[in-house]
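The values are calculated or read from the model by the stated rules, or taken from the named source; none is laboratory data. Being a predicted model, the structure only gives us computed values, none of them experimental. Note that we place each Cβ from the backbone using ideal geometry, even for glycine, and neighbour counts take in every protein chain shown. Accessible surface is based on the protein model in full, side chains and every heavy atom, while ligands, DNA and RNA are left aside. Shrake-Rupley method; radii C 1.70, N 1.55, O 1.52, S 1.80 Å.
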Amino acid sequence: TYFLEDTNGNLTIEDILKLDNENKFQLNNQDIFLRKPTQSTFWLKLKIKNQFGKDAWIELGSTYLWYIDYYAKKSKKFELITKTGILHPESNKAFSSGLFWLPIGMDAETKTVYIRIQTLRPIELPIQIGNISSLNANHNQRQSILTVFLGLMFAMFIYNLFLLFATKDKLYILYLCYIFTSVPTALYSNNYPYFLAVLNEEIKNFLLSHPFVWINISFCFVGLFSIHFLKLNRKPFLKRILQTFILFYLIILPFLDFFEIIKHNSLVNIYQPITSIFMLTLFGTSLF
């Protein structure tokens, strides 16, 4: 995979072809295309020779890609074949899959394709090529892992619901809320935002492009649970620290994201270290 960074996001396919002729593309030396959150657009270039003898597809293994434009040669010139991405309607997909599949065709000649990707999320993009059956086999393996995770979370929820009724301890309400809200956060963070498909397109796109409005709720509940479970009323200083984190997750971060006061890619760079500090604070408080 070769790549070119378009910092302004305004290069056309004609510009890209000229830059390719000038050897401006760089080789990606990793198995996965990785980039920190940025406002740049990236162009990927792949040279492919299909030796399957049947239709093959490129799988872009990330649902963090907001916009994807796929260009391939058609009638001796490069044309836009597919315009997809998580913020486009499901009907835009060339093949109905949880991830993004781009068609190669079955002819055996070597061909060059270009893929334009844009997102303000971190890019962690594995790229695989295969026929429908091989890509489906990988997809089913991922689904099995997801099913086990959801089963464990459901079992934890039912078990703690039983404890709530058995002990009448209201602390379990906070823990149940934590389990319930952590599931969509974990699904979204691991490329499974499909639970949002039940919403209409406008609301779904808003939640996907402004995730900090909603993914922090589980952190609020785990903070409240820790304050009550560890009886931090006896340690006002530690209680105030956790309350500050809760305030950040519940009000400050959603406010900044909702009104786009800080660009999403910059919010990610703020969110990650603060969340790491929050987890270490919970661990240290528990030990203390």
- Any chance you could run the full-extension gain for residue 279 through residue 110? It's 0.36 nm times the residue separation minus the Cα-Cα distance, nm to one decimal. 55.9 nm
- Using amide H atoms built 1.01 Å from N in the peptide plane, name the residues 5+ places from residue 33, or on other chains, whose amide H lies under 5 Å from its own. 125, 127
- Task: Determine the dipole magnitude for the range 139-257: charges of +1 sit on the beta-carbon of Lys and Arg, -1 on that of Asp and Glu, nothing else is charged, the reference point is the Cα centre, and the result goes in debye to the nearest 20.
- Result: 660 debye
- Cut-off under 5 Å, modelled amide H: who pairs with residue 119 long-range: 66
- Per the Kirkwood treatment, what hydrodynamic radius in Å, one decimal, follows for the range 139-288 from the mean inverse distance over all distinct Cα pairs? 17.0 Å
- With all protein chains in place and a 1.4 Å probe, residue 147 shows an accessible area in Å² (nearest 10) of 90 Å²
- Tally Lys/Arg at +1 and Asp/Glu at -1 over every other residue whose Cβ is under 12 Å from the Cβ of residue 263; what's the total? -1
- In Å³ and rounded to a whole number, note down the convex hull volume per residue for the Cα atoms of the chain. 156 Å³
- Message: Defining a contact as two alpha carbons under 8 Å apart and six or more residues distant in sequence, what relative contact order in percent does the range 210-268 show?
- Response: 47 percent
- Item | Loop trypsin sites (Lys or Arg not before Pro), the range 144-243, which have at most 11 other Cβ atoms in a 10 Å radius of their Cβ (DSSP) | 168, 170, 231
- Which value in deg cm²/dmol, rounded to the nearest 500, describes the helix-derived mean residue ellipticity at 222 nm for the chain, given -39,500 (n - 2.57) per DSSP H run of n ≥ 4 and division by the residue count? -14500 deg cm²/dmol
- With Cα coordinates, the longest principal axis of the chain makes an angle with the long axis of helix 236-247, in degrees rounded to 10, of 30 degrees
- Pop out the carbon and sulfur fraction of the accessible area of the range 118-201 as a percent, whole number, probe 1.4 Å. 69 percent
- Task: May I ask you to list the lysines whose Cα is less than 25 Å away from that of residue 170, ignoring any residue fewer than eight positions away on the same chain?
- Result: 231, 235, 239
- Query: If you take all C-alpha pairs in the range 152-228, what percent of them are over 22 Å apart?
  - Reply: 33 percent
- Item | Nearest-ten-degree value, helix 132-167 long axis tilted from longest Cα axis of the chain | 10 degrees
- Task: Return the lysines within reach of residue 77: Cα separation strictly under 27 angstrom, same-chain partners fewer than 8 residues apart disregarded; answer none if there are no such residues.
- Result: 18, 24, 45, 47, 49, 54, 93, 111
- Put 113, 222, 198 in order of accessible area, largest first, 1.4 Å probe: what do you get? 198, 222, 113
- FRET efficiency, 1/(1 + (r/R0)^6) with R0 35 Å, evaluated for residue 148 and residue 229 via beta carbons: 0.80
- Message: Charges on Cβ only, +1 for Lys and Arg, -1 for Asp and Glu, centred on the Cα centroid of the range 171-288; of 200, 238, 248, which one is farthest towards the dipole's positive end?
- Response: 238
- Please work out the average accessible area per residue across the chain, using the 1.4 Å probe convention, and give it in Å². 56 Å²
- Backbone HN-Hα couplings from phi across the range 259-266 [Karplus 6.51/-1.76/1.60, Hz, Gly and Pro as x]: 8, 6, 5, 10, 4, 4, 5, 6
- Message: If you average the C-alpha positions of the range 183-260 and of the range 29-80 separately, how far apart do those two centres end up, in angstrom?
- Response: 33 Å
- Sequence of 153, 106 from largest to smallest accessible area, 1.4 Å probe: 106, 153
- As straight-line cross-link partners of residue 76, the qualifying aspartates and glutamates (C-alpha separation under 16 Å, not fewer than 8 residues apart within one chain) are 14, 107, 109
- Note on the structure: For the residue 97, residue 51 Cβ pair and Förster radius 25 Å, calculated FRET efficiency rounded to 0.05 is 0.65
- What is the magnitude of the charge dipole of the chain about its Cα centre, with +1 placed on the Cβ of each Lys and Arg, -1 on the Cβ of each Asp and Glu, and no other charges, expressed in debye to the nearest 20? 700 debye
